[in-house]
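Colleague: Dumping the structure here so I can ask a few things about it.
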Amino acid sequence: MTTQNGISDKFKNILLRRELHVGIIIAALLAFLYASRGINIILTILIQVTIFAIITMSLNLESGYTGIPQFGRVAAVIAGAFAVGGIPGRIMASFMGLPSGREYTLDTVNFKVVPEINNLLASSWLMSLGFLIMCIVIAGASGAIIGWLISRPAIRLKEAYLGISMLAIGDFFMWVGHNWNLLVGGSTPANVPDPFRIFGAARFNVIVPVFFVIAIIIFIYLNKLTRSPFGRNLRMLRDNELSANAAGLNIVKVRTQSLVIGACIAAIGGGLYVLYTGSVAAIGMTRLTFTFWPWAYMMLGGVGSNVGVFMGVFLLTILRTMIIIFRSQWFGFLLAVGIDPLWLEFTLLGAVIIIVILFLPHGLVPEKVEAMLPANRVKKVMAQREL
Amino acid sequence: MAPWLSSGLVYASGLALTAGSVTLLYIVTRTFNFAVASMATIGFYTVYTGVTLFGGLPYQYYPFAFIVGSITGFICYYGLNRPLLRRQAIETTLMMSTLGYDLILLSMIQMYADFLTHTYKIFPRRVTMSLFDFELFGDRAAAFILPVIAIGFLTILHIFLTKTKFGVAMRATIENPILAGASGINSDRVYLVSWIIGGGMAALGGSFMAMAMTGTPVMGMYTIPLMFAGAILGGLGSIYGGILGGLVIGLTEYAGVFLLSQQFGPWVLGYRMGIPLFIMAATLLVFPRGLSGIPLLKIIKNFAEQKRGARA
């Protein structure tokens, strides 16, 4: 009898979980989109979800777990994007004896060199895989370096000062990329060699699972990390800086570690984004797309909960896509007075932020108090202690 | 006047007002107001609508810009800031809430620009406001009129804060909210008035800045790091500090670009945003609490004492 009760309780618990409710809504919306527009729109959504989930999870590590007001997420994303745009292509070109120095990113040279690299990559899957891994490693390394450099002056500033200086640094990076054409071509976007060329027309179908696997690996890594003693340090720092200091925590060191790991992951997200689009347009790396949207995703999903972040990214990306593809059907009244319904995307973003702050302060899937160890292991440890 | 100085003065007086607005709202409500960007753009579009649809000079529509900005500040306070202040939300939450408001305002500005294009067949997406200006002493009039308006506005604000009863109550709330509340000052009304003044100042500043740069719907979005840099340079301690910070940031940007492009060539123009940010970083390294943290009075006193000592 008792086991029966236990099972039904467990079942009830599962049914009442917020994750399940949000998941059902997401599945319903996806099914609706699939029925009305076909599979391609689903694939586009999935790619965006994976890239932005990576970026938002890194933001969650810094802002959600450590409590740093990271308003310059775009800086690390730009570091990854520019590194993938500038470095791996040059390495390949120098091995192939093509122009690889300063002239690589000039538009007259770039559009001849990159197709040749692509031809080479398309000839062997091993080389494509190696190129992809090289891109990810370079993106992560440059992100970590940039994150460390930014953290040096920023780490000692207080809340608002810190957030605003990061915002300014992010904007400055964008302008440097837009004007300095050696880096990634400046105002004429440089092309990026495509490791997925080998699959030809099926490129899209392959990108989705590959990116998804990368996102899941990062998700598992962050989940492990935030449950480790290091993760508890982060939360201690967020909840009360004074008591963390009193407990002997080196605040500057922990903050720096969090910023460097976050920047590394965000840069990988930026690198994947560039590989997916195939070119680096510096002017497109705005703080709206890569700082404010991730903040909205994180706040909707739930600050300090990685599952929630995934759900938030999924839900908002679907809503965004729906505004874009149904703009003439649903918002014809706006078109009648000459207004482009695409601006509703900003309204949606702003409204989501405000509604979440006012009525749903903990997000869709709130942060849970996590046990440090599974219950049976705690019991074992306690039993050993008593002996 | 040299061309860089005249446009620099126009731009800097606009930036001074917006930075002052950011500082005012921060010291009164602890809110770092992101919506200052869209409020500034709204001020510009109010003036632009007046000039193109009803004619006349831009200057005569500045009162309307102030009023429209005040209304956006009023809505922001009642809809958003008041519930959060009552809940004693943390600084980051307050900041994010104004960001949400800013994005909604931005989408409305964009829709309004579309509406203007469709209905009146004008082009509000790339506007050179200085075309509507007139000439004074062989230079553009804005270079003389706008600093005068800004100084006049600040004088009125100063008189309001120091001579009127409500202004004194406001300063008391800024200094110590709990004590002010205990002595019977209605802090709710103080917050409301500061949002109204702050919104109006931001809109006025935006309409000033449009006289020196190209007016676009995203103009506030591009300049908001500079507005914040001005406020931070001022030290986020007093309104006058913020205004001074904005002035310094605006003038150094124009002067720096002028000097460096003469020295190194026109490619410097692309990195113009770096100059004020560099100055902000350098100032914060030397004076971590901004310009208002410089112990000016103490320095003068020391200097005077030294002189006296030398005489004795």
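The values are calculated or read from the model by the stated rules, or taken from the named source; none is laboratory data. No experiment lies behind these values; they were computed from the predicted model shown. Positions of Cβ are generated from backbone atoms using ideal geometry, with glycine treated the same way; all protein chains shown enter the neighbour counts. Side chains are part of the model used for accessible areas, which takes the heavy atoms of the whole protein and leaves out ligands, DNA and RNA. Shrake-Rupley method; radii C 1.70, N 1.55, O 1.52, S 1.80 Å.
Colleague: Kindly list the number of the only condition in (1) in a helix (DSSP H, G or I); (2) buried (at least 19 other Cβ atoms within 10 Å of the Cβ); (3) within 14 Å of chain A (Cβ to nearest Cβ) that fails for B:Asn33.
Modeller: The one condition B:Asn33 does not meet is (1).
Colleague: Looking at the structure I just gave you, is B:Ser21 away from chain A (no Cβ under 14 Å) and on the phi < 0 side of the Ramachandran plot?
Modeller: yes
Colleague: Next up: Look at the range A:280-310 and say how many of its residues are surrounded by fewer than 24 Cβ atoms within 10 Å (Cβ to Cβ), assigned to a helix (DSSP H, G or I) and of a type in the set (Gly, Ala, Ser).
Modeller: Count: 1.
Colleague: So which of B:Ile232, B:Ile196, B:Ile185, B:Ile224 ends up being open to solvent by 50 Å² or more (accessible area, probe 1.4 Å), on the phi < 0 side of the Ramachandran plot and of a type outside the set (Asp, Glu)?
Modeller: B:Ile196
Colleague: Restricting attention to the range A:321-335, and to residues there that are open to solvent by less than 40 Å² (accessible area, probe 1.4 Å) and β-branched (Val, Ile, Thr), which single residue is nearest to the other protein chains (Cβ to nearest Cβ)?
Modeller: Ranking the candidates gives A:Ile323 first.
Colleague: Which condition number in (1) surrounded by 15 or more Cβ atoms within 10 Å (Cβ to Cβ); (2) without any contact (Cβ under 8 Å) to a residue 40 or more places away in the chain; (3) on the phi > 0 side of the Ramachandran plot is the one that A:Ile42 fails?
Modeller: That leaves (3) as the condition not met.
Colleague: Also, I was wondering about something else. Kindly evaluate A:Ile318 against the criterion of being open to solvent by less than 20 Å² (accessible area, probe 1.4 Å) and at pLDDT 90 or above.
Modeller: Taking the combined requirement at face value, the residue satisfies it.
Colleague: Of the residues A:Val356, A:Val313, which is within 22 Å of B:Tyr101 (Cβ to Cβ) and buried (at least 16 other Cβ atoms within 10 Å of the Cβ)?
Modeller: Matching residue, one of A:Val356, A:Val313: A:Val356.
Colleague: Then there's this: For B:Gly184, only one of the following conditions fails: (1) at pLDDT 85 or above; (2) part of a helix (DSSP H, G or I); (3) of a type in the set (Gly, Ala, Ser). What is its number?
Modeller: (2) is the only condition that B:Gly184 fails.
Colleague: Another question, if that's okay. Just to be sure, is A:Gly338 part of a helix (DSSP H, G or I), at the interface with chain B (Cβ under 9 Å from one of its Cβ atoms) and either closer than 30 Å to B:Lys121 by Cβ or open to solvent by 20 Å² or more (accessible area, probe 1.4 Å) (or both)?
Modeller: In short, no.
Colleague: Out of curiosity, is A:Thr56 farther than 30 Å from B:Glu91 by Cβ, within 13 Å of the chain's Cα centre (by Cα), modelled with pLDDT of 90 or more and among the hydroxyl-bearing types (Ser, Thr, Tyr)?
Modeller: Taking the combined requirement at face value, the residue does not satisfy it.
Colleague: Residues in the range A:349-361: is at least one away from every other protein chain (no Cβ under 14 Å) and either among the acidic types (Asp, Glu) or under 28 Å from A:Phe32 (Cβ atoms) (or both)?
Modeller: Checking the range A:349-361: not a single residue is away from every other protein chain (no Cβ under 14 Å) and either among the acidic types (Asp, Glu) or under 28 Å from A:Phe32 (Cβ atoms) (or both).
Colleague: For the range B:246-257, which residues satisfy the criterion of being over 10 Å from the mean Cα position of the chain (by Cα) and touching a residue at least 40 places away in the same chain (Cβ under 8 Å)?
Modeller: Answer for the range B:246-257, where residues must be over 10 Å from the mean Cα position of the chain (by Cα) and touching a residue at least 40 places away in the same chain (Cβ under 8 Å): B:Val248, B:Ile249, B:Gly250, B:Leu251, B:Glu253, B:Tyr254, B:Ala255, B:Val257.
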